Ligand SMILES: [Zn+2]
Ligand SMILES: [Zn+2]
């Protein structure tokens, strides 16, 4: 059961910064296009129409839109901030759509409840009793260029959901009875009517459990789960590149009912560097030299990733754009080490004094250069 949710902005084809007018306009256009009257017996159009209506009912309401935006920022949508998937190991969870988020979910309460409705409904529904392995947490982290190359330790702060320690996840005040939910009659789901379309969702009264405690647990307010942030120190191995993944076993969500924890799967994004670009294990950079250095030869200091820099010999007669290799100063990974390539750019003097110009002309004359 996916716990991802929908991108309402994308559904309506508007930017996040869109004004109310723009949203309305786009909605009207799309609603007309996908309206069931105009697309009879077309299930995909009906589905699309439903999505459009859902998206509009949130984005057209200032308060709901604000809540929704906050969730987006917190990374509930698979953006840069991180995303998670419900218990399915391996890649592919990101950006999956469909599943647990509707207007009705938004109405339940504050931000905490929204998180609850996104992340937990799917999890609770149909989850058998007893100890379970915890969900994996998938998270995307940005790391500095140098850390990616040479390795290092980073600190990652993760939002985690765990069984409430006070009630053990039942949502009931310890020692009080648990009753069948009067809203869904114990089914755990409720069908909402939306303009002729029935949408079945987990029951908001019992959080999809079909049962409600006679007295809610004071710690989790009957939800059965608590959310907090957890800080994890992660040792980044050297040679990490954009998209590299690191699996930290046992660092995911705690298992419900005392089951083993899931894994934490990090995907790295490497911040660009102003001086270096990277190509596999090799690093590339550019340095400027002046005309005299190019013509007569010189020694210049070139920065390397490990600070201080090395001396690079520029031979006399060096051409613009020539590439030099500094062996072994590239990325190190699994015992292999790349090189650093330096491209030299020759700067012409931008202005000359009368005296200098004369001398240059004499030089050109002597060298047989036309000018
Ligand atoms: Zn219920
Ligand atoms: Zn509790």
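Using only the Cα atoms of region 131-262, build the gyration tensor, take square roots of its eigenvalues as a ≥ b ≥ c, and label the shape rounded, prolate or oblate: rounded if a/c is under 1.5, else prolate if a/b is larger than b/c, else oblate.
On the way: a/c = 3.53, a/b = 1.98, b/c = 1.78.
The shape class here is prolate.
Could you tell me which of rounded, prolate or oblate describes region 233-312, using a ≥ b ≥ c as the square roots of the eigenvalues of the alpha-carbon gyration tensor, with rounded for a/c under 1.5 and, failing that, prolate when a/b is larger than b/c and oblate otherwise?
prolate
In whole angstrom, and with the biggest value first, how far do the Cα coordinates of region 261-362 range along each principal axis?
Projected onto its principal axes, the Cα set of region 261-362 covers 79, 24, 21 Å.
Would you kindly state how much longer the chain becomes between residue 29 and residue 41 on full extension, computed as 0.36 nm times their sequence separation minus their alpha carbon distance, in nm to one decimal? Please list the in-between numbers first.
Numbers: separation 12, 0.36 × 12 = 4.32 nm, distance 2.04 nm.
Here the answer is 2.3 nm.
Report the Cα-based extents of region 134-197 along its three principal axes, largest first, to the nearest Å.
59, 43, 14
Give me the one-decimal nm value for the distance between modelled label points at residue 290 and residue 354, 7 Å along each residue's Cα-to-Cβ direction.
Inter-label distance under the simple model: 2.3 nm.
Contour minus end-to-end for residue 22 and residue 62, with contour as 0.36 nm per residue of separation and end-to-end as the Cα-Cα distance? Don't skip to the end; give the middle numbers.
Numbers: separation 40, 0.36 × 40 = 14.40 nm, distance 1.40 nm.
Working it through step by step, the gained length comes to 13.0 nm.
How would you order 137-148, 288-299 from highest to lowest mean count of nearby Cβ atoms within 10 Å? Intermediate results must be reported in sequence, preceding the final value.
Numbers: 137-148: 19.4, 288-299: 14.2.
So the peptides 137-148, 288-299, ranked by packing, come out 137-148, 288-299.
Taking neighbour Cβ counts within 10 Å as the exposure measure, how do 287, 265, 270 sort from fewest upward? Numbers along the way, then the final one.
On the way: 287 16, 265 23, 270 19.
Exposure proxy ranking, most exposed first: 287, 270, 265.
No lab work stands behind these numbers, since they all come straight from the coordinates. This is a predicted model, so every value here is computed, not measured. Positions of Cβ are generated from backbone atoms using ideal geometry, with glycine treated the same way; all protein chains shown enter the neighbour counts.
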